[in-house]
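Just so you know, all these numbers are worked out from the coordinates, no wet-lab data involved. Please read all numbers here as calculations on a predicted model, not as lab measurements. Here the Cβ positions follow ideal geometry from the backbone for every residue, glycine too, while neighbour counts run over all protein chains shown.
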Amino acid sequence: MHQGALIGSKFIFVLFLICCIMLTLVYNDFNFLKCKAVGIQPTENIIIEEEIREVKFLISSEKCKIVDLDPFSREAKKYFHPEKYKSCRKHDLLTYVTKNDNIATLHIDHEVAPSYSSKGVKCCYSNVTRKHNISNPDGGISVSSCQRFENNVTIHHDPIVVKCTEKSSHKQVYENAHIAITISEDVQKKIDNFDNNTKPLSILFIGIDSISRLNLIRAMPKTYRFLRDNDWVPLMGYNKMDDNTFPNLMCILTGFNNSMSYNICDPFTVGKLDACPMVWYDYRKAGYITAYGEDEVTLNTFNYRKKGFKTPPTDYYFRPYVLATERLTKVMKDSMTYCTGPETAGQRIMNLAKDFAFTFKGYPNFGFFWMNSFSHNRLNTPTGMDAKVKNFLEELTNGGVTENSIVIFLSDHGMRFGDIRLTHTGWLEERLPYIYISFPSWFQGKYSNEYATFKNNSYKLTSPFDVHLTLKHILKLQDKNYTITPSVSCPTCRSLFEEIPYHRSCEEAGITSHWCTCLGFAPVVLEKSLERAVVTFLLNEIHDTLRKAKGTRPCAKFTLDRVLKISLSQKLPYQNDSHLLVQIQTKPKAVFETTLSFTGDIHGQNFTLSGSISRLDSYNDHSKCVSDANLRKYCYCH
């Protein structure tokens, strides 16, 4: 290399180094000025990401800046460990169901029988019905005596349990539960009233609990590629509106925020959920055939420490079937019911959704199906189900369901606890679940303006309130007499078929500051007196909540173990308040996080709780002394 070229290369390198130092100084100086304005000492390194690169944004408006993180960043990859699919059986199923002209038949597969016993098998089946218990109508089932059958037998729409024994020894070698979705008399009346000259537009919800958009890309790449390659429309700025499943799904179904859901729909009192104005009742009133199914019966949306429904909320209500499956031999994984007999709990829900959608493909229907069993408790468990979910969505497409239905594939939130949740990536992922929507091609043509507007809203801040109003808008497209009522909890929210303002704040989307991803947070160091004041305020909030509630006397009083992190929000031009994101670990061991707001100088210590307090460690095992689902996260039982 020539000497001149060598000197030139060194000069360019030195110049580059000087530029990097200058940029760092400017960046840190900006953060210092921002912190100084409220009386905070910034940390030496404000950069959250480990990699030094230009920060990209999903949304960058005057009122909202959501960082676009890499799903495979160095921070995220530390917690990502793919798993393989785990089958629940060694042999093919011994029994199966077929349908022909609305007649369902249970069969014994005699070709498979030798795998279970070389001496031959004999089988019987029992009918499963919902037990009408006055105090807990959603909690039990009745199982009839077992009726013997030889090769096949006609079954009806109630679930059945089938048992098979070895002929000679009477030893049980097989047990399973089945259900056939056949057309009941009430549903037949809806079909008879349907105008065959109109093209029905159905709704199919497919939900998987606790999966962020980033973890869907990371843990379920086959599913993600299928969605992308088949033009499913994502909502990239979809932000949850509250802590866990119940408020976020209730928001979609009712348009209520968390407090209204509990006050108006009171899930702790038998019959109150039945009177709750859920949108599926509107669809049923409009002649739609409705269905709801969810796995993990003790944990699911309307029954986790709640009373559930007094009467079935939909035409096809699959809780009795799921209860029957969970009485079979269970295999637990991550403390969740992974196997129910010879089938995974998640695949059973997918099969229900598929059967329902195929059975009523030519008629207007509204199906709501939710899976918890392979996603709720661990970040990596969904990796093993990736191919199964992708194949399921592919079957819906190949079977024509996506040409009859708007299919909404979504989650309620990301992972809410565990090690990743203590990171910046985990904070963001918890608040940004995935949601992808498929529209029939004929809908894209007939309602081209609505479809174009929906796609245009893809990169804007949206919330479950908007999804609720979109469901009402869809019903209005089908029934001109239907009246869309605005969300009482979010008057500024709107249907996704209407233009969402690009410059939209979390408040305008019905999202409180604690759950808002529009506020960029950077770590800061508080003076010790301020740090004590912040921690004291947070602990007092926890203790006051417990003190005011009934049945919390067994709960321990928390003291500070250590401050994990305190971060300061970026103050956007329209805001008067600043926000602190606070993470602490306590004695007894618990990890809490909350967002505090304050106006002016922080030394005034006029803090306000912005939303609620999050619990970042798993607390199920040590909060059993409290029955109230909302209070359990604040309790550590003595």
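Quick notes on this one:
- For the range 515-584, the set of GluC sites (Glu not before Pro) satisfying both a DSSP loop assignment and a count of at most 13 other C-beta atoms within 10 Å is given as E527.
- Label-zone membership for the range 610-628, site N133, 7 angstrom Cα→C-beta point, backbone N under 19 Å: 627-628
- Sparse-neighbour loop sites [trypsin sites (Lys or Arg not before Pro); the range 338-413; at most 16 other C-beta within 10 Å; DSSP]: K361
- Close amide H partners of K310, meaning residues 5 or more places away or on another chain with modelled amide H under 5 Å apart, are G271, D274.
- Spatially proximal aspartates and glutamates relative to K550 (Cα-Cα < 17 Å; intrachain offsets below 8 disregarded): D266, E541, D628
- Linear extension gain, R225 paired with R532, 0.36 nm per residue minus alpha-carbon span: 105.7 nm
- For the chain, share of DSSP beta bridges that run antiparallel, in % to the nearest 5: 75
- Length added when fully stretched, K624-N449, from 0.36 nm per residue minus Cα-Cα: 57.8 nm
- Per-residue [θ]222 nm for the chain (sum of -39500 (n - 2.57) over DSSP H runs n ≥ 4, rounded to 500): -9000 deg cm²/dmol
- With 32 Å as the limit on Cα-Cα distance, the pairs of K56/K306; K77/K390; K306/K330 that go past it are K56/K306.
- Under Karplus coefficients 6.51, -1.76 and 1.60, residue-wise ³J(HN,Hα) of the range 163-179 in Hz, glycine/proline x: 10, 10, 10, 6, 4, 7, 9, 6, 6, 6, 10, 7, 8, 7, 10, 9, 8
- Nonlocal amide H pairs with V121, under 5 Å, H built at 1.01 Å: K167
- Integer Hz, Karplus 6.51/-1.76/1.60 couplings in order for the range 365-372, x for Gly and Pro: 9, 10, x, 10, 10, 9, 10, 10
- Candidate lysines for bridging to K119, where Cα separation is under 23 Å - those fewer than 8 sequence places away on the same chain excluded: K90, K163, K167, K171
- Helix 464-478 vs. the chain, principal-axis angle (Cα, 0 to 90°, nearest 10): 50
- If R0 is 60 Å, the Cβ-Cβ spacing of L572 and Q172 corresponds to a FRET efficiency of close to 0.40.
- For Y174, nonlocal amide neighbours, meaning residues 5 or more places apart or on other chains whose placed amide H falls under 5 Å from its own, are C164.
- Alpha-carbon centroid distance for the pair the range 434-485 / the range 572-611, whole angstrom: 36
- Cross-link table K361/K633; K131/K190; K131/K480, entries beyond 32 Å C-alpha to C-alpha: K361/K633; K131/K480
- Distance violations [Cα-Cα > 24 Å] among K65/K472; K240/K548; K460/K571; K65/K589: K65/K472; K240/K548; K65/K589
- Scalar couplings 3J(HN,Hα) for the range 395-408, obtained by applying the Karplus form with A = 6.51, B = -1.76, C = 1.60 to θ = phi - 60°, are 5, 4, 5, 5, x, x, 5, 6, 8, 10, 10, 7, 9, 10 Hz; x denotes Gly and Pro.
- Contour minus Cα-Cα distance for N351 and S335 (0.36 nm per residue): 3.5 nm
- DSSP-assigned coil residues among GluC sites (Glu not before Pro) in the range 97-172, each with at most 15 further Cβ atoms within 10 Å: E111, E150
- Least to most buried among R431, R547 (fewest other Cβ within 10 Å first): R547, R431
- N100/V488 FRET efficiency (R0 51 Å; Cβ-Cβ; nearest 0.05): 0.60
- Here the contact order of the chain, divided by its residue count and restricted to Cα pairs under 8 Å and six or more residues apart, works out to 17 percent.
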